[in-house]
Amino acid sequence: MVGNEARHYPHILRKIIHDGNELGNHTSNHPKLSQLTEKEILACDESIEDVTGFRPVLLRPPGGHISDRLLTLSRKTGHILIMWTWDVDAKDWMKPGIRTIVRKIVDHVDPGDIIILHDGGGRRTQTVEALPLILSDLARRGYACVSVSELFSQTHLQNLKPQK
Ligand SMILES: [Zn+2]
């Protein structure tokens with residue numbers, strides 16, 4: 001969640017939390033990685049916390065890059081850095097068509113993947129229409145969608161199982 005959007009759409013944030021979803025920090029104003037500051041990250045935390053009472057622990061930086069400075073900033077602000085599965089990216093922000101968005105995700109997804117889709121940066125009609133198709137296809141194939149925190153805890157539990 002981008003912090004300044006959180007302040008514009010408080011009812012949507014409350015619904016996201018109420019429905020059992022997880023919110024992560026995506027900075028306050030979505031700056032370029034080179035212009036990301038501690039203040040940008042903490043201001044987003046404050047916006048989300050003001051609206052929902054929930055302070056995010058996950059940080060997804062704008063763009064798809066990680067730098068040493070970003071790692072330091074995430075540690076310093078108390079966040080866990082989270083990205084998405086690189087080859088399950090439909091680039092929905094480019095508006096490639098509903099069918100392309102669906103296919104690029106359902107044809108490439110594997111268990112444990114984190115799927116990226118966008119809700120900002122222009123009209124997201126295609127994404128909104130593609131999402132139910134993606135979810136029903138995944139459900140039909142036995143996938144369950146979980147929050148990132150649930151995914152981490154399941155991965156953790158699987159790693160504790162004795163190896164045969
Ligand atoms: Zn973004």
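Hey, any idea what % of the chain's accessible area is carbon plus sulfur with a 1.4 Å probe? Present the calculation step by step, with values, prior to reporting the outcome.
Details: 5780 of 10400 Å².
Here it works out to 56 percent.
For the range 60-164, count all C-alpha to C-alpha pairs, find those more than 20 Å apart, and express that count as a whole percent of the total.
On the way: 2805 of 5460 pairs.
Roughly 51 percent, once rounded to a whole number.
Run the quick spin-label model on D113 and M94: label points 7 Å from Cα toward the beta carbon, then report their separation in nm to one decimal.
Modelled inter-label distance: 1.7 nm.
Residues with beta-carbon under 12 Å from that of E38, excluding E38: net charge, scoring Lys, Arg +1 and Asp, Glu -1?
+2
Just add up the charged neighbours of L70: K/R +1, D/E -1, any other residue whose Cβ is under 12 Å from the Cβ of L70.
Result for the neighbourhood of L70: +2.
Of K32/K95; K15/K76; K32/K91, which sit over 25 Å apart, Cα to Cα?
Those over the limit are K15/K76.
Leaving out ligands and nucleic acids, and using a 1.4 Å probe, what accessible area per residue does the chain come to in Å²?
That works out to 63 Å² for each residue.
The values are calculated or read from the model by the stated rules, or taken from the named source; none is laboratory data. Keep in mind that what you see is a predicted model, and the values were worked out from it rather than measured. Glycine gets a Cβ as well: all are built from the backbone with ideal geometry, and neighbour counts include every protein chain shown. The accessibility values were calculated without ligands, DNA or RNA, using every heavy atom of the protein model including side chains. Shrake-Rupley method; radii C 1.70, N 1.55, O 1.52, S 1.80 Å.
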